[in-house]
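Worksheet: one structure, shown below.
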Amino acid sequence: MTEAKALKVRLTFSIILVGVCLLMAAVVTDYWAVLSPKVEKYNATCEIAHFGLWRLCTKRIYVSSSDEKSCGPINLPGEQNCSYFRHFNPGESSEIFEVTTQKEYSISAAAISIFSIGFMIMGTIFILLSFRKKKDYLLRPAALFYAFAGLCIIVSVEVMRQSVKRMIDSEETVWIEYYYSWSFACACTSFVLLFICGIALLLISLPRMPQNPWESCMDAEPEH
């Protein structure tokens with residue numbers, strides 16, 4: 001590997017590491033979406049919810065102004081209670097979520113995110129082996145693993161988005177407003193970084209193509 005090519009690989013891997021950190025932050029945190037009910041009583045408390053792939057948190061917030069049509073914002077002080085979804089931990093109580101969304105959506109989004117983490121780990125193992133053993137051809141499977149990790153997390157994002165949409169549209173739900181929070185933004189950003197940099201790493205790792213008619217692939221620099 002030439003010095004210029006090695007520099008490109010290290011730069012691309014540095015950006016991939018940012019995507020990896022954002023992916024892990026998105027998967028383990030509970031701020032994918034924030035749901036707010038309609039405020040019917042003033043000078044009383046309302047219950048706002050935020051959730052991620054594994055856990056639901058509710059927060060009781062005091063509403064004092066009649067100008068407020070919905071509960072929130074989420075950063076206001078209040079009593080917070082978090083519990084894992086019942087299908088992940090049968091001992092926990094999360095009736096509020098079980099009533100307002102489909103269990104299949106939550107399980108699907110969580111399962112796809114696990115695949116994303118698996119691809120990410122495999123990509124990291126291959127690229128570290130490439131650096132240590134000086135085997136450039138290992139960069140190609142590493143690049144594909146990172147691209148697959150990005151694709152999996154964006155599928156998980158879309159499943160979660162559909163879940164929130166069905167909650168809001170359902171007549172059984174009390175929620176009237178929602179917005180996606182910073183965990184959702186981390187997941188989307190990680191998709192962009194992992195997928196684009198995965199493709200870039202794949203292109204960088206390919207052997208140099210012939211630039212003149214009299215050259216052949218055999219003239220490319222040998223891979224170690």
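For region 112-162, taking the residues that are hydroxyl-bearing (Ser, Thr, Tyr) and out of contact with any Leu (no Cβ under 8 Å at 6 or more places or on another chain), the one that is least open to solvent (accessible area, probe 1.4 Å) is identified as Thr124. Look at (1) out of contact with any helix residue (DSSP H, G or I) (no Cβ under 6 Å at 6 or more places or on another chain); (2) within 17 Å of Trp54 (Cα to Cα) and you find that Ser156 fails only one, number (1). Taking region 132-148 as the range and being among the aromatic types (Phe, Trp, Tyr) and in contact with a Cys (Cβ under 9 Å, 6 or more places away or on another chain) as the test, only Tyr146 passes. Pairing each residue of region 1-15 that is surrounded by fewer than 15 Cβ atoms within 10 Å (Cβ to Cβ) with any residue that is outside any helix (DSSP H, G or I), provided the two are 6+ apart or on different chains, yields C-beta distances under 9 Å for Thr2/Glu221. For region 55-63, the condition holds for at least one residue, the condition being that it is hydrophobic (A, V, I, L, M, F, W, C), surrounded by 21 or more Cβ atoms within 10 Å (Cβ to Cβ) and at pLDDT 80 or above.
The values are calculated or read from the model by the stated rules, or taken from the named source; none is laboratory data. What you see is a predicted model, and the numbers here were worked out from it, not measured in a lab. In this analysis, Cβ positions are derived from the backbone assuming ideal geometry, glycine residues included, and neighbour counts consider all displayed protein chains. Heads up: the accessible areas ignore ligands, DNA and RNA and are worked out on the full protein's heavy atoms, side chains in. Shrake-Rupley method; radii C 1.70, N 1.55, O 1.52, S 1.80 Å.
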